[in-house]
Amino acid sequence: MITIQPEKKEDYTAIHEINVLAFGRENEARLVKKIRETPDFIPELSLVAIKKGKVVGYILYSRIIIQSKTGSLPGLALAPMAVHPEFQNQGIGSMLVRQGLERCRNQGYKIVVVIGHPQYYPRVGFSAARTKGLEAPFPVPNEVFMILELFPDALIGIKGMVIYPPEFLDV
(Lines give C-alpha, C1' and ligand atoms only; values in the text may rest on other atoms or scores of the structure.)
Protein backbone atom coordinates (compact mmCIF):
# COMPACT_ATOMS: atom_id res chain seq x y z
CA MET A 1 0.00 0.00 0.00
CA ILE A 2 1.35 3.41 -1.03
CA THR A 3 0.24 6.69 0.55
CA ILE A 4 0.81 10.03 -1.16
CA GLN A 5 1.01 13.03 1.17
CA PRO A 6 2.68 16.42 1.51
CA GLU A 7 6.27 16.24 2.72
CA LYS A 8 7.22 16.86 6.33
CA LYS A 9 10.50 18.28 7.65
CA GLU A 10 11.50 14.82 8.82
CA ASP A 11 11.26 13.63 5.18
CA TYR A 12 13.92 16.05 3.88
CA THR A 13 16.88 13.68 4.27
CA ALA A 14 15.05 10.81 2.54
CA ILE A 15 13.89 13.15 -0.26
CA HIS A 16 17.46 14.32 -0.82
CA GLU A 17 18.73 10.74 -0.92
CA ILE A 18 16.01 9.59 -3.32
CA ASN A 19 16.76 12.41 -5.76
CA VAL A 20 20.51 11.72 -5.69
CA LEU A 21 20.01 7.97 -6.15
CA ALA A 22 17.38 8.30 -8.87
CA PHE A 23 19.26 10.92 -10.92
CA GLY A 24 22.83 9.95 -10.04
CA ARG A 25 23.75 13.54 -9.19
CA GLU A 26 22.99 16.36 -6.72
CA ASN A 27 21.27 18.84 -9.10
CA GLU A 28 17.66 17.84 -8.42
CA ALA A 29 18.22 17.55 -4.67
CA ARG A 30 19.73 21.06 -4.67
CA LEU A 31 16.78 22.37 -6.71
CA VAL A 32 14.30 21.03 -4.13
CA LYS A 33 16.22 22.68 -1.28
CA LYS A 34 16.38 26.02 -3.12
CA ILE A 35 12.68 25.98 -4.05
CA ARG A 36 11.70 25.23 -0.43
CA GLU A 37 13.52 28.42 0.63
CA THR A 38 11.49 30.69 -1.67
CA PRO A 39 8.25 32.50 -0.83
CA ASP A 40 6.67 30.85 -3.90
CA PHE A 41 7.14 27.31 -2.50
CA ILE A 42 3.82 25.43 -2.37
CA PRO A 43 4.09 22.92 0.53
CA GLU A 44 0.86 21.15 -0.51
CA LEU A 45 2.45 20.31 -3.88
CA SER A 46 5.70 18.88 -2.50
CA LEU A 47 4.61 15.26 -2.16
CA VAL A 48 6.10 12.03 -0.92
CA ALA A 49 5.14 8.42 -1.56
CA ILE A 50 5.19 6.37 1.64
CA LYS A 51 5.41 2.58 1.70
CA LYS A 52 5.48 0.77 5.06
CA GLY A 53 6.41 4.02 6.82
CA LYS A 54 9.34 4.75 4.48
CA VAL A 55 9.63 7.57 1.94
CA VAL A 56 10.12 5.82 -1.42
CA GLY A 57 9.23 8.58 -3.90
CA TYR A 58 8.98 12.33 -4.30
CA ILE A 59 7.46 14.93 -6.63
CA LEU A 60 7.49 18.73 -6.62
CA TYR A 61 5.31 21.22 -8.51
CA SER A 62 6.61 24.80 -8.66
CA ARG A 63 5.08 28.01 -9.95
CA ILE A 64 5.93 29.15 -13.48
CA ILE A 65 4.54 31.84 -15.78
CA ILE A 66 3.74 31.64 -19.46
CA GLN A 67 4.55 35.07 -20.82
CA SER A 68 2.64 35.91 -24.00
CA LYS A 69 2.17 39.06 -26.04
CA THR A 70 -1.23 39.56 -24.43
CA GLY A 71 -0.22 38.94 -20.81
CA SER A 72 0.78 36.10 -18.57
CA LEU A 73 -0.76 32.85 -17.42
CA PRO A 74 0.32 31.22 -14.16
CA GLY A 75 1.06 27.51 -14.17
CA LEU A 76 3.24 24.86 -12.62
CA ALA A 77 6.42 22.98 -13.48
CA LEU A 78 6.72 19.34 -12.48
CA ALA A 79 10.32 18.84 -11.34
CA PRO A 80 11.73 16.74 -9.99
CA MET A 81 9.93 13.42 -9.73
CA ALA A 82 11.99 10.57 -8.34
CA VAL A 83 11.47 7.08 -6.98
CA HIS A 84 14.05 5.22 -4.93
CA PRO A 85 15.77 2.72 -7.28
CA GLU A 86 14.65 -0.24 -5.13
CA PHE A 87 11.01 0.75 -5.72
CA GLN A 88 11.06 1.78 -9.38
CA ASN A 89 8.85 0.10 -12.00
CA GLN A 90 6.09 -0.50 -9.44
CA GLY A 91 3.78 2.34 -10.49
CA ILE A 92 4.86 4.69 -7.69
CA GLY A 93 6.01 7.44 -10.07
CA SER A 94 2.73 7.33 -12.00
CA MET A 95 0.82 7.44 -8.72
CA LEU A 96 2.81 10.50 -7.61
CA VAL A 97 2.20 12.26 -10.94
CA ARG A 98 -1.52 11.46 -11.14
CA GLN A 99 -2.32 12.34 -7.53
CA GLY A 100 -0.14 15.42 -7.78
CA LEU A 101 -1.92 16.59 -10.93
CA GLU A 102 -5.27 16.12 -9.20
CA ARG A 103 -4.08 18.29 -6.30
CA CYS A 104 -2.87 20.91 -8.80
CA ARG A 105 -6.28 20.88 -10.51
CA ASN A 106 -8.07 21.15 -7.15
CA GLN A 107 -5.99 24.25 -6.35
CA GLY A 108 -7.17 25.84 -9.60
CA TYR A 109 -3.99 25.57 -11.65
CA LYS A 110 -4.68 25.16 -15.36
CA ILE A 111 -1.41 23.94 -16.86
CA VAL A 112 1.67 21.93 -15.89
CA VAL A 113 4.92 21.77 -17.86
CA VAL A 114 7.63 19.15 -17.58
CA ILE A 115 11.02 18.54 -19.08
CA GLY A 116 11.13 14.81 -18.88
CA HIS A 117 11.33 11.38 -20.41
CA PRO A 118 9.43 11.35 -23.74
CA GLN A 119 8.23 7.77 -23.30
CA TYR A 120 7.04 8.27 -19.71
CA TYR A 121 5.13 11.53 -19.44
CA PRO A 122 2.79 11.09 -22.44
CA ARG A 123 1.39 8.03 -20.62
CA VAL A 124 0.02 10.38 -17.95
CA GLY A 125 -1.35 12.94 -20.41
CA PHE A 126 1.53 15.24 -21.34
CA SER A 127 2.14 16.28 -24.95
CA ALA A 128 4.68 18.36 -26.86
CA ALA A 129 4.68 21.95 -25.57
CA ARG A 130 6.00 23.56 -28.74
CA THR A 131 3.04 22.23 -30.74
CA LYS A 132 0.88 24.31 -28.37
CA GLY A 133 2.93 27.45 -29.09
CA LEU A 134 5.17 27.40 -26.03
CA GLU A 135 8.92 27.92 -25.82
CA ALA A 136 11.44 27.08 -23.11
CA PRO A 137 13.85 29.78 -21.87
CA PHE A 138 16.82 27.43 -22.42
CA PRO A 139 17.80 24.91 -25.07
CA VAL A 140 15.77 21.71 -24.73
CA PRO A 141 14.81 19.08 -27.32
CA ASN A 142 11.19 19.15 -28.52
CA GLU A 143 10.43 15.62 -27.36
CA VAL A 144 11.26 16.30 -23.69
CA PHE A 145 9.51 19.69 -23.35
CA MET A 146 5.89 18.84 -22.58
CA ILE A 147 2.68 20.31 -21.21
CA LEU A 148 -0.59 19.12 -19.75
CA GLU A 149 -3.73 21.22 -19.71
CA LEU A 150 -5.51 20.45 -16.43
CA PHE A 151 -8.68 22.01 -17.78
CA PRO A 152 -9.80 21.66 -21.41
CA ASP A 153 -8.62 24.46 -23.68
CA ALA A 154 -6.61 26.15 -20.92
CA LEU A 155 -4.11 27.36 -23.51
CA ILE A 156 -6.54 28.66 -26.12
CA GLY A 157 -5.08 31.93 -27.39
CA ILE A 158 -1.93 31.58 -25.28
CA LYS A 159 1.45 31.31 -26.97
CA GLY A 160 4.71 32.37 -25.41
CA MET A 161 7.71 31.70 -23.23
CA VAL A 162 7.62 29.51 -20.12
CA ILE A 163 9.35 31.47 -17.38
CA TYR A 164 10.82 29.25 -14.67
CA PRO A 165 11.80 30.48 -11.21
CA PRO A 166 15.50 31.49 -11.09
CA GLU A 167 16.25 28.49 -8.89
CA PHE A 168 15.79 26.24 -11.94
CA LEU A 169 18.60 28.03 -13.72
CA ASP A 170 21.04 27.85 -10.81
CA VAL A 171 21.35 24.07 -10.39
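The values are calculated or read from the model by the stated rules, or taken from the named source; none is laboratory data. Computed from a predicted structure; not experimentally measured. Virtual Cβ from ideal backbone geometry, glycine too; neighbours counted across all protein chains shown. The area values use the complete protein model at the heavy-atom level, side chains included, leaving out ligands, DNA and RNA. Shrake-Rupley method; radii C 1.70, N 1.55, O 1.52, S 1.80 Å.
Taking S72 as the residue in question, decide whether it is open to solvent by 30 Å² or more (accessible area, probe 1.4 Å), part of a strand (DSSP E or B) and polar (S, T, N, Q).
Considered against the rule, which asks whether it is open to solvent by 30 Å² or more (accessible area, probe 1.4 Å), part of a strand (DSSP E or B) and polar (S, T, N, Q), S72 comes out as yes.
Among the residues of segment 1-32, write down those that are charged (D, E, K, R), part of a helix (DSSP H, G or I) and either at pLDDT below 95 or within 16 Å of L96 (Cα to Cα) (or both).
Start the filter on segment 1-32 by keeping residues that are charged (D, E, K, R), which leaves 7-11, 17, 25-26, 28, 30.
Among the residues that remain, those that are also part of a helix (DSSP H, G or I) are: 9-11, 17, 28, 30.
The one that is charged (D, E, K, R), part of a helix (DSSP H, G or I) and either at pLDDT below 95 or within 16 Å of L96 (Cα to Cα) (or both): D11.
Considering only residues that are part of a strand (DSSP E or B), touching a Lys or Arg at 6+ places or on another chain (Cβ under 9 Å) and either under 16 Å from P118 (Cα atoms) or basic (K, R) (or both), which ones fall in segment 139-155?
F145, I147
Given the conditions (1) surrounded by fewer than 16 Cβ atoms within 10 Å (Cβ to Cβ); (2) touching a helix residue (DSSP H, G or I) at 6+ places or on another chain (Cβ under 8 Å), which single one is not true for P80?
(1)
Since I4 meets every condition but one in (1) open to solvent by 90 Å² or more (accessible area, probe 1.4 Å); (2) under 12 Å from K54 (Cα atoms), which condition does it not meet?
Only one criterion in (1) open to solvent by 90 Å² or more (accessible area, probe 1.4 Å); (2) under 12 Å from K54 (Cα atoms) is unmet by I4, namely (1).
In the set I66, I59, I35, I50, which member is farther than 23 Å from I111 by Cα and either touching a strand residue (DSSP E or B) at 6+ places or on another chain (Cβ under 8 Å) or not in a helix (DSSP H, G or I) (or both)?
I50
Filter segment 89-138 down to the residues that are open to solvent by 70 Å² or more (accessible area, probe 1.4 Å) and either of a type in the set (S, T, Y) or in a loop (DSSP other than H, G, I, E, B) (or both) and list them by number.
Once the filter is applied, which keeps residues that are open to solvent by 70 Å² or more (accessible area, probe 1.4 Å) and either of a type in the set (S, T, Y) or in a loop (DSSP other than H, G, I, E, B) (or both), segment 89-138 yields N89, Q90, Q107, K110, H117, Q119, T131.
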